Ligand SMILES: Cc1cc2nc3c(=O)[nH]c(=O)nc-3n(C[C@H](O)[C@H](O)[C@H](O)COP(=O)(O)OP(=O)(O)OC[C@H]3O[C@@H](n4cnc5c(N)ncnc54)[C@H](O)[C@@H]3O)c2cc1C
């Protein structure tokens, strides 16, 4: 199931894979919003840049987003002020507001036709006892210098709300068209972008790094890990301070009136809405039904939740697209931006965007570009990737490590007590056969595919996802297709395939 964005830009840019070893100033690993924006800025400053992408550019998380460009990251600023103080909250807001302006500037200077539109953004509640949190958020935002409004009505909203916080002049766009625009500009500066080229290892060399890929080697002075979840475990240890969370989206057409703006619920379930263009018509995107990536999900259960929700308010609706993706969430909910580790100089990361990566990826690109150019950046400190604070968040950290340990020592409850014959067609399960743990998928014709369901990242027991027919890791969110091929990081390698009669 492909997103609306990928579906209507599929053949808009075709790039080669790496076919010989190369030398460059900076090797960017990963062509999503963070990698491409950083490569764009560095190219503009005259740096020699090579981008490598495992699949096709902008087809992973950034190609499956909702595409809201806003500094309104849910109800966040009141929390930031109480946990980190006013100065911190002001800088977080400013950095993300500047990102909106930066994106607008890039679109205008590069003449990127990406359906960019200014829109107001709202966080709404339908609950009386949530109103005070919205009011506190309005006060918090005003305190740190931004206008925000408390409203009780939104025109053409599908249901009654109790209140909402409104940020004016935010924006939305078609993220993949924007990324294709960035690529064209990077290529126009004589820099390189290779698709279908997977980084396997980053090795220290005398004057920089050797990026080993499945297609050749890249010798670079500096490296940017823009792989969404960093693919290197050590010495950064990001797997101890981040997890992934998945959400689902549907795009519907309806003849009913739809609301003007971008919306997200304050309380769970966090339904999210916006209008998008499709074949010259307005369609409505509805997102939500989130869960921790890797938790077992029954067939299409999550899409059904969204479709039921859509049908309740838009009885005539027709579902045009369905898709899902996930994002990295840091333990303290602040992105990690900057140097990967004190022990690996000149390797940089930008991750943990907690589903607000349109602006966060631009903030990250600006900070990393400044670091490479040796310039000061006033926001660097608040996103410091090497900060110790998450480690002090003992409760969440203990939970996360406990979850990893449970999955490493094999959560026996997830191994089914039955044999292959009992697995239904078009379904999968983990079973034990001859003292071996097997992951079995039986396709609609009854053909059996068997893998060792042990994640190639850190060895956790995988879960079967019967919506996407994938093996997913509940520890750090790596994903594999039913034949064991790795599709999502942080894992790089596939699963061991098991052959039996
Ligand atoms: C359902 C959903 C809706 C969202 N909606 C919004 C929104 O409305 N507004 C907002 O601000 N944010 C939103 N987000 C968040 C936003 O989409 C992400 O934060 C952002 O796209 C992440 O960008 P990225 O560049 O880090 O990752 P990606 O786009 O995933 O890019 C990483 C790239 O690295 C490549 N890669 C991985 N491993 C390797 C390797 N070994 N070698 C080479 N390449 C590799 C991948 O193939 C991929 O293309 C949403 C997130 C979700 C889950």
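All of the numbers you see were taken from the coordinates with simple rules; none came from a lab. None of these values were measured; they are calculated from a predicted model. Every residue, glycine as well, gets a Cβ built from its backbone with ideal geometry; the counts of neighbours run over all protein chains shown.
Quick rundown of the values:
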read-out	value
Neighbour-count order for 404, 293, fewest beta carbons within 10 angstrom listed first	404, 293
Gap separating the Cα centres of segment 456-501 and segment 27-80, nearest whole Å	25 Å
Residue order, fewest to most beta carbons within 10 Å, for 176, 387	387, 176
Residue order, fewest to most surrounding Cβ atoms within 10 angstrom, among 65, 126	126, 65
For the chain: relative contact order, % (alpha-carbon pairs under 8 angstrom, 6 or more apart)	16 percent
Paired Rg and Dmax values of the chain, which use every Cα atom, in angstrom	22.6, 69
Where labels lie 7 Å past Cα in the beta-carbon direction, separation of residue 201 and residue 345 in nm	2.4 nm
